[in-house]
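Please treat every number below as a calculation from the coordinates, not as lab data. In this text the structure is predicted, and so the values were computed from the model without any measurement. We place every Cβ from the backbone using ideal geometry, glycine too, and count neighbours over all the protein chains shown.
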Amino acid sequence: AFRVFFSTQYIRHASKPFYTPEPDVCHELLGHAPMFADPAFGDLSQEIGLASLGADDDDIERLARCYWHSVEFGLVREGGERKAYGAGLLSSFGELEHACRETSCAQFVDWDPGAAARQQYPVTEYQPVYFVAESLPDAKARMRAFCEALPRQFYARYNPATDSIWVDRAVRRTD
């Protein structure tokens, strides 16, 4: 929610150079770092983070699935081709080939955060389903609409000038 990214410091095992189920420094630096330099991508990720503030456990799970299917394994259409923007794809040669080759056996569906929120995913193998957005701004706009439709106790927005979160009503901690 605060546009901060924490990175792991270890590297994948040499026996599995093309894919690792755990994030490693290759994943962080090849996948996330360049994409977070794109404002639309940063906004997409932040929408999910802001929506998680005060969310119940079920909504956290739905938001985590949206994150997985976009920030980690999202694709966009560009010039009639599928192109990767998700860090899990960008940091895995094997998964990138699986997702972007013409003869892929994977299923490709239009980016719909509601559907992504319901879609289960494997962590230890290539994805059977990928969500494809028209563009990063399109992915962000659809994610924002999904997040704004979640039932919430409050709605949060980030203020980059003050590096703070604004909420639309008084928030009180309950134990």
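Values computed for the structure shown
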{"read-out": "q = 0.26, 0.31 Å⁻¹: log10 I(q)/I(0) that the Debye formula gives for segment 123-175, counting C-alpha atoms only", "value": "-1.08, -1.17"}
{"read-out": "Ellipsoid semi-axes in whole angstrom, largest first, where each is sqrt(5λ) of the Cα gyration tensor of segment 9-89", "value": "23, 18, 12"}
{"read-out": "Range of Cα positions in segment 25-167 per principal axis (Å), largest first", "value": "46, 30, 30"}
{"read-out": "Cβ crowding within 10 Å averaged over residues, with 16-22, 72-78 ranked highest first", "value": "72-78, 16-22"}
{"read-out": "For segment 66-143: span of alpha carbons on each principal axis (Å, largest first)", "value": "30, 29, 20"}
{"read-out": "Neighbour net charge for TYR10 - beta-carbon separation under 9 angstrom, K R +1, D E -1", "value": "-1"}
{"read-out": "Sites LEU30 and ASP110 - FRET efficiency at Förster radius 25 Å, r taken between beta-carbons, to 0.05", "value": "0.40"}
{"read-out": "Linear extension gain, SER164 paired with THR8, 0.36 nm per residue minus alpha-carbon span", "value": "53.7 nm"}
{"read-out": "Viscosity 1.567 mPa s, temperature 4 °C, Stokes-Einstein D of segment 60-104 from Kirkwood C-alpha radius, µm²/s", "value": "119"}
{"read-out": "Contact order normalised by residue count of segment 29-90, Cα under 8 Å, 6+ apart, percent", "value": "34"}
{"read-out": "C-alpha long axis of helix 57-67 to longest principal axis of the chain, angle in °", "value": "40"}
{"read-out": "Stretch gain in nm, segment VAL132-ALA1, where the contour uses 0.36 nm per residue and the Cα spacing is subtracted", "value": "44.8 nm"}
{"read-out": "DSSP beta bridges in segment 1-136 [antiparallel fraction, %, rounded to 5]", "value": "40"}
{"read-out": "The chain, relative contact order in percent, only Cα pairs under 8 angstrom and at least six apart counted", "value": "25"}
{"read-out": "Contour excess over end-to-end distance, with Cα ends at GLU61 and PHE154 and 0.36 nm allotted per residue", "value": "31.6 nm"}
